[in-house]
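A.B. asks: Dropping the structure in here first, questions after.
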Amino acid sequence: MGARGAPSRRRQAGRRLRYLPTGSFPFLLLLLLLCIQLGGGQKKKENLLAEKVEQLMEWSSRRSIFRMNGDKFRKFIKAPPRNYSMIVMFTALQPQRQCSVCRQANEEYQILANSWRYSSAFCNKLFFSMVDYDEGSDVFQQLNMNSAPTFMHFPPKGRPKRADTFDLQRIGFAAEQLAKWIADRTDVHIRVFRPPNYSGTIALALLVSLVGGLLYLRRNNLEFIYNKTGWAMVSLCIVFAMTSGQMWNHIRGPPYAHKNPHNGQVLAFGRAPCLDLWRLLLLPCAFSPPSFDFHHHGVHSSILSSLILITSFRSQ
């Protein structure tokens, strides 16, 4: 039975092969080529991604923030494949741009990037870069961006959402605030390490030495310490400095005046929502004792205050 059953099974298999459609072999060949092509394309993407990550890691080993022009921006940030997050600061650091806020934001951004670069959690999933307007103006035009500085997060997949743009006007640009925003967008927590700043300690030591030396020289006559007029003048100077915006000027460092790049006009420039230094110089005149002399000439000091407010509204 076994010998007679074997030829029967071979005849049945032959009949099944003869019943295959005649046009199925080109289809199978096409399917095989398609699978090979898809596998080769996937391998090509993996190789391209590995090259991009390797290049970014090499740049990060040299500098915690690497600069990008239009070509690099399109290759490493816009073009796939990409499995890493990129934080980009769009700025204008050239001296002719007169952007003091850009320099201050760059310092905080540098502190944040260094904290990430030299931390134990550093990996190839997050990178920091910068696009300067004078080096990549086409990038600003592509993103319809007309102000600087601006911080944006480009996720590994998809386009940036509204929350991927840092709210600089509301939150500020401190490194700690940037680190919190990055943690919300990427789940990467960065502990900010600020370099020690000894300027305040040195200034305090000099002040204490100066006061101590003065007290030592006048040790036999210390009646000036109890002089009410002297303390009153010191208090008035502090009050005038605070009410005139000098402390704000010291913290933010605004330019003396804004200049419109289109027509060259100075003083009134409606794009930047900040005070100008010339207004801060007018405020002490409006609130200091010399302004009280205007009453004798029929001019009230509120005129100066109104003038300052009018110019502030016109510049918006």
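The values are calculated or read from the model by the stated rules, or taken from the named source; none is laboratory data. Note that the structure is predicted; figures quoted are calculated from it, not measured. Here the Cβ is made from the backbone with ideal geometry for all residues, glycine too, and neighbour counts use every protein chain on show.
A.B. asks: Given (1) surrounded by 12 or more Cβ atoms within 10 Å (Cβ to Cβ); (2) farther than 18 Å from GLU108 by Cβ, identify the lone condition not met by VAL192.
C.D. replies: Against the list (1) surrounded by 12 or more Cβ atoms within 10 Å (Cβ to Cβ); (2) farther than 18 Å from GLU108 by Cβ, VAL192 comes up short only on (2).
A.B. asks: Okay, moving on. Of all residues being buried (at least 19 other Cβ atoms within 10 Å of the Cβ) and touching a residue at least 60 places away in the same chain (Cβ under 8 Å) in the range 100-110, which is nearest to HIS153 (Cα to Cα)? Just the residue, please.
C.D. replies: Selected residue: TYR109.
A.B. asks: Looking only at the range 170-189, filter to residues that are more than 15 Å from GLU108 (Cβ to Cβ) and not β-branched (Val, Ile, Thr); which one of those is surrounded by the fewest Cβ atoms within 10 Å (Cβ to Cβ)? Full working, then the answer.
C.D. replies: Taking the range 170-189 and keeping what is more than 15 Å from GLU108 (Cβ to Cβ), we get 170, 183-189.
With the extra rule that they be not β-branched (Val, Ile, Thr), the set shrinks to 170, 183-185, 187, 189.
On the way: ARG170: 7, ALA183: 12, ASP184: 10, ARG185: 18, ASP187: 10, HIS189: 12.
Restricting to residues being more than 15 Å from GLU108 (Cβ to Cβ) and not β-branched (Val, Ile, Thr), the top hit is ARG170.
A.B. asks: While we're looking at this one, here's another question. Against the condition closer than 27 Å to GLU58 by Cα, surrounded by fewer than 16 Cβ atoms within 10 Å (Cβ to Cβ) and in the same structural domain as SER85 (by TED's automatic domain parsing), how does LYS157 come out, does it pass? Walk me through how you get there before you give the answer.
C.D. replies: Working: closer than 27 Å to GLU58 by Cα: yes; surrounded by fewer than 16 Cβ atoms within 10 Å (Cβ to Cβ): yes; in the same structural domain as SER85 (by TED's automatic domain parsing): yes.
Taking the combined requirement at face value, the residue satisfies it.
A.B. asks: One residue is enough: does the range 68-78 have a residue meeting the conditions modelled with pLDDT of 90 or more, under 27 Å from MET145 (Cα atoms), aromatic (Phe, Trp, Tyr) and touching an Asp or Glu at 6+ places or on another chain (Cβ under 9 Å)?
C.D. replies: yes
A.B. asks: Please determine, by comparing only the residues of the range 191-243 that are touching a Leu at 6+ places or on another chain (Cβ under 8 Å) and farther than 30 Å from TRP181 by Cβ, which one is modelled with the highest pLDDT.
C.D. replies: Keep residues of the range 191-243 that are touching a Leu at 6+ places or on another chain (Cβ under 8 Å), which gives 192, 215, 222, 243.
Next, only the ones that are farther than 30 Å from TRP181 by Cβ stay: 215, 222, 243.
Values: LEU215: 83, LEU222: 77, THR243: 78.
Here the answer is LEU215.
A.B. asks: VAL211: of a type outside the set (Ser, Thr, Tyr), closer than 18 Å to ARG117 by Cβ and not assigned by TED's automatic domain parsing to the domain that holds GLN104, yes or no?
C.D. replies: no
A.B. asks: Something else about it: Within the range 111-149, track down each residue that is part of a loop (DSSP other than H, G, I, E, B) and buried (at least 20 other Cβ atoms within 10 Å of the Cβ). Reasoning before the result, please.
C.D. replies: The initial filter retains those residues of the range 111-149 that are part of a loop (DSSP other than H, G, I, E, B), namely 118-125, 133-136, 143-149.
Hits for the range 111-149 are GLY136, ALA148, PRO149.
A quick yes/no check of all residues on (1) out of contact with any Ser or Thr (no Cβ under 7 Å at 6 or more places or on another chain); (2) under 21 Å from ARG159 (Cα atoms); (3) of a type outside the set (A, V, I, L, M):
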| site | (1), (2), (3) |
| --- | --- |
| GLU58 | yes, no, yes |
| LYS78 | yes, yes, yes |
| ALA92 | yes, no, no |
| GLN98 | yes, no, yes |
| LEU126 | no, yes, no |
| ASP132 | no, no, yes |
| LEU143 | yes, yes, no |
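A.B. asks: I would also like to ask the following. Somewhere in the range 66-79, is a residue within 12 Å of PHE128 (Cβ to Cβ), over 16 Å from the mean Cα position of the chain (by Cα) and not in a helix (DSSP H, G or I)?
C.D. replies: No, the range 66-79 contains no residue that is within 12 Å of PHE128 (Cβ to Cβ), over 16 Å from the mean Cα position of the chain (by Cα) and not in a helix (DSSP H, G or I).
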